[in-house]
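One structure is given here, and the rest of the page talks about it.
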Amino acid sequence: MGGEEREGVMATDFFWSYTDEPHASRRRQILSRYPQIKHLFGPDPWAFLKITLVVLLQLWTATFLQNAGWLKILTVAYFFGSFLNHNLFLAIHELSHNLAFSTPVYNRWLGIFANLPIGVPMSVTFQKYHLEHHRFQGVDGVDMDIPSLAEAHVVTNVVTKIIWVLLQLFFYALRPLFLKPKPPGIWEFINLVIQLGLDAAMVYFWGWKSFGYLILSTFVGGGMHPMAGHFISEHYVFKTDQETYSYYGPLNLMTWSVGYHNEHHDFPRISGSKLHKVKEIAPEYYEDLESYNSWSQVIYMYIMERTVGPYSRMKRMLSTKATQKSE
């Protein structure tokens, strides 16, 4: 394992692992010992209803604020709308694994619907890159969840880390488009047209303030915000022999249990509503792993700890087996 850091000094390279990612082997071990976990596989039957309620509530809130002042809009966006839009972002994450319906195309349509209050078309593109993050976790040049070299060279102190956290949603969304662009297909076009249609309707019927509320809800919720702590907590290396971390705090109730991240990578076919059962059935595989109880604390640690920064991620080279798998 490479990428060693000196005490009190930020690493100048990623942590390099020369073994495969840990989740496939742990999945095999757990299933051999607890085969009943297979009964947890499959969609969440309540996903459609939960997503629909959040979408309608957020769109209604946007129309309600059509005549509000910008300070009120920003306040409501940060303390209310951000939670709803981040919930929808993580619903899209759930749908990228086909965990609402057994038929993949229904999940894709529901993802486009869940995308509406977010304001920016992303659900179809997200799925393409996210599934690669699972199949090739940490693989150099493939896993676009890992910060770019440009980010690592610039984000080197407390001030630049604060700016990066505030704008991390931009980096998260734009990084793959610059580093590994994929040609858009018909589904990206459908996602774009439907999203722009909703955005235009929002502006035409309720004005720019309603639309602005949706955009603000998306981006303030992806920056210096408790919900956004999961972007850092999931795979940033705070303990050099561990590359995935779970969070067991109360915000799992609003985030499709994405905090159960070791469990999710071990069993991506289990919906968020059932991930806690994995830890209950096989506790010995998770209780010794470092985990978090506060995403806000993770953000604070990332900013303030001098040894932690964009390089604090595990990387590995693309193996011959992985190359054949990707072809």
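For the condition surrounded by fewer than 20 Cβ atoms within 10 Å (Cβ to Cβ), at pLDDT 95 or above and either within 22 Å of ASN157 (Cβ to Cβ) or within 17 Å of the chain's Cα centre (by Cα) (or both), what is the one hit in ILE303, ILE270, ILE232? Explain how you work it out, then say what you get.
On the way: ILE270 fails: surrounded by fewer than 20 Cβ atoms within 10 Å (Cβ to Cβ); ILE232 fails: surrounded by fewer than 20 Cβ atoms within 10 Å (Cβ to Cβ).
ILE303 is the lone residue from the list that is surrounded by fewer than 20 Cβ atoms within 10 Å (Cβ to Cβ), at pLDDT 95 or above and either within 22 Å of ASN157 (Cβ to Cβ) or within 17 Å of the chain's Cα centre (by Cα) (or both).
Among the residues of the range 67-75, are any over 24 Å from THR244 (Cβ atoms) and surrounded by 20 or more Cβ atoms within 10 Å (Cβ to Cβ)?
Scanning the range 67-75 turns up at least one residue that is over 24 Å from THR244 (Cβ atoms) and surrounded by 20 or more Cβ atoms within 10 Å (Cβ to Cβ).
Please go through (1) part of a loop (DSSP other than H, G, I, E, B); (2) closer than 27 Å to LEU57 by Cα; (3) within 15 Å of the chain's Cα centre (by Cα) for ASN98 and return the number of the only condition it doesn't satisfy.
(3)
Would you please name the residue that is nearest to VAL55 (Cα to Cα), looking only at residues in the range 180-200 that are among the hydrophobic types (A, V, I, L, M, F, W, C) and surrounded by 14 or more Cβ atoms within 10 Å (Cβ to Cβ)?
Filtering first and then ranking leaves LEU198.
From the list GLN242, GLN195, exactly one residue is in a loop (DSSP other than H, G, I, E, B) and touching a residue at least 40 places away in the same chain (Cβ under 8 Å). Which is it?
Values: GLN195 fails: in a loop (DSSP other than H, G, I, E, B).
Checking each option against the conditions leaves just GLN242.
Which of the numbered conditions does PHE80 fail, given that it passes all the others? Conditions: (1) outside any helix (DSSP H, G or I); (2) surrounded by fewer than 17 Cβ atoms within 10 Å (Cβ to Cβ).
Here PHE80 clears every test but (1).
Restricting to the range 35-51, what's the tally of residues that are in contact (Cβ under 8 Å) with a residue 24 or more places away in the chain, in a helix (DSSP H, G or I) and not hydrophobic (A, V, I, L, M, F, W, C)?
Filtering the range 35-51 for residues in contact (Cβ under 8 Å) with a residue 24 or more places away in the chain gives 36-37, 40-44, 46-48, 50-51.
Within this subset, residues satisfying the condition of being in a helix (DSSP H, G or I) are 36-37, 40, 47-48, 50-51.
From what's left, not hydrophobic (A, V, I, L, M, F, W, C): 36, 50.
So the count comes out to 2.
Return the pair list, or none, for Cβ contacts closer than 7 Å from residues in the range 177-192 that are part of a helix (DSSP H, G or I) to residues that are surrounded by 13 or more Cβ atoms within 10 Å (Cβ to Cβ) and of a type in the set (Ser, Thr, Tyr), at least 6 apart or on different chains.
Short answer, once both residue conditions are applied: LEU179/SER148; GLU188/THR125; ASN191/SER123.
Of everything in the range 168-203 that's within 26 Å of TYR78 (Cβ to Cβ) and at pLDDT 95 or above, which residue is nearest to the chain's Cα centre (by Cα)?
Of everything passing the filter in the range 168-203, GLN195 is nearest to the chain's Cα centre (by Cα).
Taking interchain pairs and intrachain pairs at least six residues apart, which have beta carbon atoms under 6 angstrom, with the first residue in the range 9-33 and over 19 Å from VAL237 (Cβ atoms) and touching a residue at least 40 places away in the same chain (Cβ under 8 Å) and the second among the aliphatic types (A, V, I, L, M) and surrounded by 13 or more Cβ atoms within 10 Å (Cβ to Cβ)?
Sorted first by the residue in the range 9-33, then by its partner, the pairs are ILE30/ALA282.
The values are calculated or read from the model by the stated rules, or taken from the named source; none is laboratory data. Values in this document were obtained by computation on a predicted structure and should not be read as measured data. Positions of Cβ are backbone-derived with ideal geometry, glycine not excepted, and every protein chain shown enters the neighbour counts.
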